[in-house]
1. Do we find a residue being without any contact (Cβ under 8 Å) to a residue 12 or more places away in the chain and of a type in the set (Ser, Thr, Tyr) anywhere in the stretch 55-66?
2. Return the total of residues in the stretch 53-91 being among the small types (Gly, Ala, Ser) and touching a helix residue (DSSP H, G or I) at 6+ places or on another chain (Cβ under 9 Å).
3. Just the residues that are in a helix (DSSP H, G or I), of a type in the set (Gly, Ala, Ser) and within 24 Å of the chain's Cα centre (by Cα), please, taken from the stretch 14-55.
4. Given Glu66, Glu78, Glu50, which one is out of contact with any strand residue (DSSP E or B) (no Cβ under 9 Å at 6 or more places or on another chain) and closer than 22 Å to Glu28 by Cβ?
5. Looking for whichever is in contact (Cβ under 8 Å) with a residue 12 or more places away in the chain and not basic (Lys, Arg) here; the options are Leu7, Leu12, Leu21, Leu69. Which one fits?
6. Within the stretch 26-48, which residues are surrounded by fewer than 11 Cβ atoms within 10 Å (Cβ to Cβ) and of a type outside the set (A, V, I, L, M)?
7. Which condition from (1) without any contact (Cβ under 8 Å) to a residue 24 or more places away in the chain; (2) in a helix (DSSP H, G or I); (3) of a type in the set (D, E, K, R) is the one that Lys2 breaks?
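Nothing in this text is a laboratory measurement; each read-out follows from the coordinates by a stated rule. What you see is a predicted model; the values in this text were computed from it and never measured. Every residue, glycine as well, gets a Cβ built from its backbone with ideal geometry; the counts of neighbours run over all protein chains shown.
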Amino acid sequence: MKSSYELAMERLSKTAPTVKLSAAQKKELAELDTKYAALIAAREIALNSEIAKAADDVTKEDSLREQLLNDRKKLQAELEDKKQRVRSGKS
């Protein structure tokens, strides 16, 4: 008797089969993760120091925090886009 988890996984594999990645694709995905983690960390460090300097100006501090959030979202979107291209073989 199969568990509900196993049944759900079977249904999922019918609608969206898993894609087998080559070693080169896996390596490229790992490199992208590393590169974008470094880019995000560098941006956070730069903006966090500016946020600390702007501690007395609430408006500027909020603006910088929002900029950091937007930058992080933009970089994450770029990363996912590039990863999807690698997975589909269109790198």
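1. Start the filter on the stretch 55-66 by keeping residues that are without any contact (Cβ under 8 Å) to a residue 12 or more places away in the chain, which leaves 55-63, 66.
Of the ones still in play, those that are also of a type in the set (Ser, Thr, Tyr) are 59, 63.
Yes, the conditions are met somewhere in the stretch 55-66.
2. We begin by selecting, within the stretch 53-91, every residue among the small types (Gly, Ala, Ser); these are 54-55, 63, 77, 88-89, 91.
Next cut, touching a helix residue (DSSP H, G or I) at 6+ places or on another chain (Cβ under 9 Å) only: 54-55, 89, 91.
So the count comes out to 4.
3. At the first step, the residues of the stretch 14-55 found to be in a helix (DSSP H, G or I) are 14-15, 23-53.
Going one step further and asking which of them are of a type in the set (Gly, Ala, Ser), we end up with 23-24, 30, 37-38, 41-42, 46, 49, 52.
Residues satisfying the conditions are Ala23, Ala24, Ala30, Ala37, Ala38, Ala41, Ala42, Ala46, Ser49.
4. Numbers: Glu66 fails: closer than 22 Å to Glu28 by Cβ; Glu50 fails: closer than 22 Å to Glu28 by Cβ.
One residue alone meets the criteria, Glu78.
5. Among Leu7, Leu12, Leu21, Leu69, only Leu21 is in contact (Cβ under 8 Å) with a residue 12 or more places away in the chain and not basic (Lys, Arg).
6. If the condition is that a residue be surrounded by fewer than 11 Cβ atoms within 10 Å (Cβ to Cβ) and of a type outside the set (A, V, I, L, M), then Thr34 is the only one that fits.
7. Single failed check for Lys2: (2).
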